[in-house]
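Written out below as structure tokens is the structure these notes cover.
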Amino acid sequence: MTSHPTDDRRLDAMLTRHFAAPARSDDEGARRVAGRLTARPLPRQAGTWLPGTWLRWPTVLLNWDLSPAWPRVTALATCAVLGFVIGLAGLDTRIDDASAAPSVTSADLPSLIFDVEPL
Amino acid sequence: MDDSDETLMVRIGRGDEAAFRLLSRRHLRSVVALARHITGNAADAEDVAQDAMLRVWTHAPRWQPLASFKTWLTRIVVNLCLDRKRRRVILPIEAAGDPADEAPDARERMERSEIDRHVAAAIDGLPERQRAAIVLTYREGLSNAEVADILGSSVSAVETLLVRAKQRLRTQLRPDEEAD
């Protein structure tokens with residue numbers, strides 16, 4: 001059954017008028033609901049079982065929102081670079097000229113990669 | 001002080017009850033009206049409005065401004081209305097609690113024109129999802145894409161709902177349309 005454009009316009013106008021009419025019962029209903037909301041304590045909010053706002057950080061780790069977020073990507077890249085640098089340099093060595101050259105000791109992993117040419 | 005809905009939601013997420021009361025006062029009337037149009041019942045509408053605002057409170061810590069607060073709240077209200085229709089059960093009279101004051105509704109209906117009553121009755125006779133689509137489109141002024149987002153369906157499905165709803169309304173309201 002196809003509709004005539006005039007019928008569509010009339011129906012649209014009728015529906016628009018109908019919903020635009022204010023209903024006094026809605027104001028009174030809203031007042032009743034507001035009264036009910038203030039009559040008793042509000043329930044516990046989700047995710048607030050850990051005391052203190054700083055303990056909410058685990059929820060960030062549980063956030064499976066995989067949309068790109070530049071702060072997150074930057075933090076991940078920084079951790080990767082840091083781990084790479086520490087892995088190469090070693091935590092037990094000082095970052096100075098004396099320790100910059102790889103050791104020739106056979107037990108050192110860098111010696112497997114960098115074959116230092118004897119002077 | 002910025003008291004936009006999104007700002008208030010951030011405060012509510014931290015447990016600010018004053019912010020929650022302010023947000024409730026701002027939106028309760030439209031929530032009750034939307035629920036009344038979808039459920040067709042003032043008592044159900046008040047229950048839905050109360051549940052919706054309590055969900056706003058409990059989920060505020062997890063809320064993220066991916067969509068506007070109004071859209072999120074509308075989605076909650078529509079889902080609660082549709083769930084209420086699906087899960088309607090017969091309860092003993094003792095579980096009814098305080099009845100809604102029907103007098104204003106009765107007075108409201110007496111004050112409406114005859115045509116408006118017919119329109120209301122025709123809308124109440126629609127299936128729930130068709131009624132929800134009509135209310136969201138004509139009362140909330142949402143686009144088909146926004147209605148689809150709230151109903152969790154596709155734009156084409158919403159268009160189908162609207163076409164079918166308007167066909168049924170046109171059939172029931174034809175004498176009133178001609179009188180207009």
How about the stretch B:1-24: which of its residues are more than 14 Å from chain A (Cβ to nearest Cβ) and surrounded by 19 or more Cβ atoms within 10 Å (Cβ to Cβ)?
B:Leu8
Scan the stretch B:25-40 for residues that are within 11 Å of another protein chain (Cβ to nearest Cβ) and either surrounded by 23 or more Cβ atoms within 10 Å (Cβ to Cβ) or within 11 Å of the chain's Cα centre (by Cα) (or both) and jot them down.
B:Leu28, B:Arg29, B:Ser30, B:Val31, B:Val32, B:Ala33, B:Leu34, B:Ala35, B:Arg36, B:His37
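Are any residues in the stretch B:114-142 of a type in the set (A, V, I, L, M) and not in a helix (DSSP H, G or I), and if so, which ones? Don't jump to the end; show me each part of the working.
So in the stretch B:114-142, the residues of a type in the set (A, V, I, L, M) come out as B:115, B:119-123, B:126, B:132-136, B:142.
Across the stretch B:114-142, the qualifying residues are B:Leu126, B:Leu142.
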Sole residue being modelled with pLDDT under 75, facing another protein chain (nearest Cβ under 8 Å), surrounded by 12 or more Cβ atoms within 10 Å (Cβ to Cβ) and on the phi < 0 side of the Ramachandran plot, chosen from A:Thr16, A:Thr48:
A:Thr48
Run B:Ala145 past the list (1) assigned to a helix (DSSP H, G or I); (2) within 14 Å of chain A (Cβ to nearest Cβ); (3) at pLDDT 75 or above; (4) surrounded by fewer than 13 Cβ atoms within 10 Å (Cβ to Cβ) and report the number of the one that doesn't hold.
(2)
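The values are calculated or read from the model by the stated rules, or taken from the named source; none is laboratory data. Keep in mind it's a predicted model, so treat the numbers as computed, not measured. Methodologically, a virtual Cβ is constructed for each residue, glycine included, from the backbone with ideal geometry; neighbour enumeration extends over all protein chains shown.
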